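Asker: Have a look at this one.
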Amino acid sequence: MKSNFGRDANRSKPGAYSNGGRFSQFPMQTHFLGVLLPEDITSTLEDCRRYMNNNYGCRSGYGTPIHVTLVPPFLLPDEYTTDDLVRALQDDVVPAAAELAFTAHIDNFDAFGDRTLFAKVVANPKWTKLRDAVLNAVLDAAPGCTKKDKRPFQPHLTVANRDIPAGASAQALEALNELELIEDFPVNNITIFERHGGKWIEAATCHLEIEGEK
């Protein structure tokens, strides 16, 4: 599919407490977990990010790979490591791949008010089941490092957020929906992201492989 828009892992890391000079007394989150997408859909959504940057100056979050967030950013205490999270996923989530892996569906674009534009991932109980399994694994590995959001889980693929100019989201959403982005994608990985130098990078990926499939 083609578009029309053109083409500090731990608190001890330097800058882990920095927030552009503001509120530096508060430690920043160090990890989050999500699902990566296939290359073709990722490329299309990166084009959408470029469109928002070129036309509206948006850049917030653009250093983070396209993903569906399962466990939002949290601070992993010093006594735990990314390896602990990987082991918990391998022990508690990967063995249940046959029950947890599934095919998700994107139905064009939508917005959270004026603050966030995203590719709309259709809600499915399987998303909540996967989120709960991953969250429980994280809490088993590092008790108390995060907590479950009481709101219904709403998977989405962020294109722009926080720095959309006032009054621009409706026009931008109309333009994005002209793409008619209707796609399926496999939910077959759990990726751990770490913060390094103010950017989120892919630290480790656990694949949800189903026997007999590659």
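The values are calculated or read from the model by the stated rules, or taken from the named source; none is laboratory data. If you're wondering where the values come from, they're calculated on a predicted model, not measured in any experiment. The protein model used for the area step is the full one, side chains on, heavy atoms only, and it has no ligands, DNA or RNA in it. Shrake-Rupley method; radii C 1.70, N 1.55, O 1.52, S 1.80 Å.
Asker: From the square roots a ≥ b ≥ c of the eigenvalues of the alpha-carbon gyration tensor of the range 65-162, which class results: rounded (a/c under 1.5), prolate (a/b over b/c), or oblate? Mind dumping the intermediate values first?
Answerer: Numbers: a/c = 2.32, a/b = 1.47, b/c = 1.58.
Oblate is the answer for the range 65-162, as a/c is 1.5 or above yet b/c matches or exceeds a/b.
Asker: So, one more: Using only the Cα atoms of the range 111-206, what do you get for the radius of gyration and for Dmax, in Å?
Answerer: Values for the range 111-206 (Cα only, Rg and Dmax): 16.1, 45 Å.
Asker: Same structure again: With the alpha-carbon atoms as the only input, what is the per residue convex hull volume for the chain in Å³?
Answerer: Convex hull volume per residue, Cα atoms: 131 Å³.
Asker: Now a separate question. For a quick check of understanding: with a 1.4 angstrom probe and all protein chains in place, what accessible area in square angstrom does GLU46 have, to the nearest ten?
Answerer: 70
Asker: Quick check: with the 1.4 Å probe, what order do LYS120, LYS199, LYS129 take by accessible area, largest first? Intermediate values should be presented prior to the final figure.
Answerer: Numbers: LYS120 70, LYS199 125, LYS129 100 Å².
Per-residue accessible area, sorted high to low, gives LYS199, LYS129, LYS120.
Asker: Heavy atoms only, probe 1.4 Å: what % of the accessible area of the chain goes to carbon and sulfur, would you let me know?
Answerer: Numbers: 5360 of 11520 Å².
Here it works out to 47 percent.
Asker: So how much slack lies between LYS147 and GLU79, counting 0.36 nm per residue of separation and subtracting their Cα-Cα distance, in nm? Walk me through the numbers before you get to the answer.
Answerer: On the way: separation 68, 0.36 × 68 = 24.48 nm, distance 1.81 nm.
Gain on extension, LYS147 to GLU79, equals 22.7 nm.
Asker: Further question: Which value, in Å² rounded to 10, gives the accessible area of ASP78 with a 1.4 Å probe and all protein chains present?
Answerer: Only protein atoms counted, so the area is about 90 Å².
Asker: Report the number of Lys pairs in the chain whose alpha-carbons are under 30 Å apart, with separation of 8 or more residues or on distinct chains.
Answerer: Lysine pair count for the chain: 26.
Asker: Still on this structure, please answer the following. Decide, for the range 150-209, between rounded, prolate and oblate: order the square roots of the alpha carbon gyration tensor eigenvalues as a ≥ b ≥ c, take rounded if a/c falls under 1.5, and otherwise choose prolate if a/b is larger than b/c, else oblate.
Answerer: On the way: a/c = 2.21, a/b = 1.44, b/c = 1.53.
In terms of gyration-tensor shape, oblate.
Asker: PHE74: accessible area at probe 1.4 Å, nearest 10 Å²?
Answerer: Probe radius 1.4 Å; accessible area of PHE74 about 10 Å².
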